[in-house]
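The values are calculated or read from the model by the stated rules, or taken from the named source; none is laboratory data. The structure presented is a predicted model; accordingly, all values stated were derived computationally and were not measured. Backbone-built Cβ (ideal geometry, glycine too); neighbour counts: all protein chains shown.
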Amino acid sequence: MGVFRMPSLGADMEAGKLVEWLKRAGDAIAAGDVIAVVETQKGAIEVEAFESGIVESHLVAVGQTVPVGTPLAMIRGEGTAAAPAAGPAAVPVPQIAPSPAAPPLSGAPQPPAFRASPAARRFAAEHAIELTGMRGSGPDGAIVFVDVEQALQGRRDAAPAAPPRPPPTAAGPPATGMAAMRQAIAAAMERSKREIPHYYVAHAADVTAAFDALAAFNATRAPRDRVLFGAALLGAVARALARFPEFNGFHRGGAFEPAPRIHVGMAIALRGGGLVAPAIHDADKLALPDLMRAMHDLADRVRAGRFRSSEIADPTITLTSLGERGVDAVLGVIYPPQVAIVGAGTPALRPWVVDGAVVARRLCRLTLAADHRVSDGHRGALFLAEVARLAENPELP
């Protein structure tokens, strides 16, 4: 009997709200089938099953918010007998539990219990922050990681201790929607800059020939079938990773874990603000027209509020491009536990020296932010130069 759990959909996620079951008890499922929809600070995400079988029972009701790792359903393997009908499955559904309190001293009042996530407790203990009396922004007032970070920042600024947060009112509700997403992004990026020793390298790629080749390829194709430079760039990152695997993976538990496959996260700006970076799976194996279709599909679904848990949880590196915004370059912040992020500015005509003469060439400034615990500037420069070489010479059918 397998257990289908609330997945972790990024370093900034501590809990999720079950908003819809797409498979009922008794339904057959295959690995990769969407079984439920979960709401997080990034939006509504379709969550996939990781094994085939039969949905034995649901353990969490629609509308309930539970921590990452909570059992949501029981999955019975194919060919396995059904569980006895008497009584529900004996799998506990963990909640954000009250903090255990030490036995009170004789005559001393016992401090009130509070609710806090494991990450919040651990961070508070590391920085000697008292949680008793603090009201958090998590489910039912639970204290979550970002609440403790805010308390620590207040202490560093020598500001008076903030009073406990009042219960939500019409004048001051907890962060929701875009405010919650901004809060989640800020927490992840603050953690990244605090924990990851970033280093940066930059390279100017002459993509004139690439744009000419793409223009010739697209000349007889409908707009939806054309290949844009963004696809050539994403493909270049993916193929370069095959030669430089130290930039493709995760830093967890004090060690680097190389990823066996290449899933490039594509940063996508949402309508109304906010940002997500879901993965293009096995991007190194896709021809440019297929990669362009995958990028169109992913961007359309993300902006419609529909993307899958594997797309959010799987990126092994991220590509961020502000090419349409007219900027020369972007210096990214690594999304933990990834170890690198590639940035691309606007490809634009610039003066460039070719064979001793100054000519107009289309240049794209590429940047790399990488984790110094895993790689160094020498390897980073070689990797970025390989990305540039491949972007300058896209492989078109």
**Message:** Between Ala344, Ala385, Ala313, which is more than 30 Å from Val68 (Cβ to Cβ) and either free of Cβ contacts under 8 Å to residues at least 12 places away in the same chain or surrounded by fewer than 21 Cβ atoms within 10 Å (Cβ to Cβ) (or both)?
**Reply:** Ala385
**Message:** I'd like to check something: does the stretch 261-271 contain any residue that is without any contact (Cβ under 8 Å) to a residue 24 or more places away in the chain and under 18 Å from the mean Cα position of the chain (by Cα)?
**Reply:** yes
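Only one of Ala11, Ala44, Ala36 is modelled with pLDDT under 85, of a type in the set (Gly, Ala, Ser) and in a strand (DSSP E or B); which?
Only one candidate passes the filter, namely Ala44.
Could you please let me know if Val330 is of a type in the set (A, V, I, L, M, F, W, C), assigned to a loop (DSSP other than H, G, I, E, B), buried (at least 21 other Cβ atoms within 10 Å of the Cβ) and over 16 Å from the mean Cα position of the chain (by Cα)?
Against the criterion (of a type in the set (A, V, I, L, M, F, W, C), assigned to a loop (DSSP other than H, G, I, E, B), buried (at least 21 other Cβ atoms within 10 Å of the Cβ) and over 16 Å from the mean Cα position of the chain (by Cα)), Val330 qualifies.
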**Request:** Would you tally the residues in the stretch 274-315 being charged (D, E, K, R), over 12 Å from Ile45 (Cα atoms) and within 15 Å of the chain's Cα centre (by Cα)?
**Result:** 1
**Fill in**
Only one of (1) more than 13 Å from the chain's Cα centre (by Cα); (2) buried (at least 19 other Cβ atoms within 10 Å of the Cβ); (3) among the aliphatic types (A, V, I, L, M) does not apply to Leu319, and that is (1)
